[in-house]
Amino acid sequence: MIGVRFAQIIPTAIIASFITFALIRIIPGGPAEALLGPNGSDEAIAALNERLGLNQPLLVQYWNWVVSALHGDLGTSLQNSAPVGPQILARLPASAELVVLALLLSAVVAIPLGVWTATRQGRRSDGLTRTVSGIGLAVPDFFLAIVLVDVFALGLGVLPVLGWVPLENSVIDNLSHLVLPATALAAGAASIAVRQTRAAMIETLSSDYVRTARAMGIDERKIVWRYALRNIVPTIVTVYGLLAVAMLGATVILEQIFVLPGLGSALVIAIDTRDYPMLQGIVLLFVVIVLLVNILVDVVNNMISPQLRKGTIS
């Protein structure tokens, strides 16, 4: 199964990278116009496009880029004339830490709360949780980010407003700079996870084996937290795999708000400046990360679920 999943990465990455490669060039303007500015003459633009190889047929440009990428060369940034690969690797930690911290914050809150509300189905606390989670889904993460900055950074002054400190420099400073964007990113994810966990737990608690366990006099807490929760783990893993992918896309906005030196902010800059090599490199990395997350979800679910290992559940 793992071998098949990894084999699927190659054609998927090729198709996604080519579509991205082609769509980038449909955007009005280009690197030459961005570099020369509004006063650049048609002759100067044509000469720069020729020097950059942008006057070649699309398939020729794509083939040259693929060959270089397979050799570990993602090209040179058109803005700072530096290799794209090292710049992407330098920005990856900020985005990775933001997404991981947001996932952890969401899981710590959402999973226990979803299980607890499932055991109190129809009660006032259950209705309140569903209402709050509905609000969490309705409020955009960028708006929540602005509110958090205004309250905790500008108002109370207990957290820094902008920037990022590498983890190896200071753990405390690193977390203090990431707690607000991670909270904004985790809020919507927690709302989704609470609802999915609650729904899965309600279905599990109504199954035959749970009724049998209750008839045998097994403690209710043991039934819920040991037996029923174990059976909804594949659902939780799948949900958080999807949330991780969604969070990766959401970093594009949040990194702009909090001035984090991550891949999202680099992607926005690359789009604004028509930095094709940087843009293509970041998108390719995003595609690979999404594919790897999907493989990881499949592997984990197959490890923890005997039914999936036997192929009885598709």
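The values are calculated or read from the model by the stated rules, or taken from the named source; none is laboratory data. This structure is a prediction, so every number in the text was calculated from the model and none was measured. All Cβ positions, even for glycine, are placed from backbone atoms using ideal geometry, and neighbour counts span all protein chains on display. Heads up: the accessible areas ignore ligands, DNA and RNA and are worked out on the full protein's heavy atoms, side chains in. Shrake-Rupley method; radii C 1.70, N 1.55, O 1.52, S 1.80 Å.
For the range 80-89, backbone phi angles converted through the Karplus equation (6.51, -1.76, 1.60; θ = phi - 60°) give residue-by-residue couplings of 10, 6, 10, x, 6, x, x, 5, 5, 5 Hz, Gly and Pro being listed as x. Computed with every protein chain present, the accessible area of Trp225 is close to 120 Å² [probe 1.4 Å]. With springs only between Cα atoms under 10 Å apart, run a GNM on the chain and tell me which of Ala110, Ala187, Ala200 wobbles the most. For the chain, modelled as a Gaussian network with Cα springs under 10 Å, the answer is Ala200. The sum of -39500 (n - 2.57) across all DSSP H runs of n ≥ 4, divided by the residue count of the chain, sets its helix-only mean residue ellipticity at 222 nm to -24000 deg cm²/dmol. Packing, taken as the mean count of other beta carbons within 10 Å per residue, orders the peptides 190-196, 43-49, 217-223 from highest to lowest as 190-196, 43-49, 217-223.
Determine the dipole magnitude for the range 157-314: charges of +1 sit on the beta-carbon of Lys and Arg, -1 on that of Asp and Glu, nothing else is charged, the reference point is the Cα centre, and the result goes in debye to the nearest 20.
I would put it at about 840 debye.
3J(HN,Hα) couplings calculated from phi for the range 185-202 with the Karplus curve 6.51 cos²θ - 1.76 cosθ + 1.60 (θ = phi - 60°) are, in sequence order, 6, 7, 4, x, 5, 5, 4, 5, 5, 4, 5, 5, 5, 4, 5, 5, 5, 4 Hz; Gly and Pro show x. Would you grab the residues whose amide H sits under 5 Å from the one on Ser77? Only those 5+ places off in sequence or on another chain, please, with H modelled 1.01 Å from N. It is Ala82, Val84, by chain and number. Accessible area per residue was computed with a 1.4 Å probe on protein heavy atoms; Leu70 scores about 140 Å². Compare the Cα positions of Leu70, Ala189, Trp225 along the charge dipole of the chain (+1 at Cβ of Lys, Arg; -1 at Cβ of Asp, Glu; about the Cα centre) and return the one farthest towards the positive end. Farthest towards the positive pole: Trp225. What the phi angles of the range 105-111 give under the Karplus curve with 6.51, -1.76 and 1.60, with θ = phi - 60°, is a coupling list of 4, 5, 5, 4, 8, 6, 5 Hz, glycine and proline written as x. Run the accessible area of the range 1-72 with a 1.4 Å probe and give the carbon-and-sulfur part as a rounded percent. Answer for the range 1-72 is 67 percent, counting heavy atoms of protein chains only. On the accessible surface of the range 198-314, probed at 1.4 Å, how many percent belong to carbon and sulfur atoms? The computed percentage sits at 65.
Each Lys and Arg Cβ is given +1 and each Asp and Glu Cβ -1; about its Cα centre, the chain then shows a dipole of about 1760 debye.
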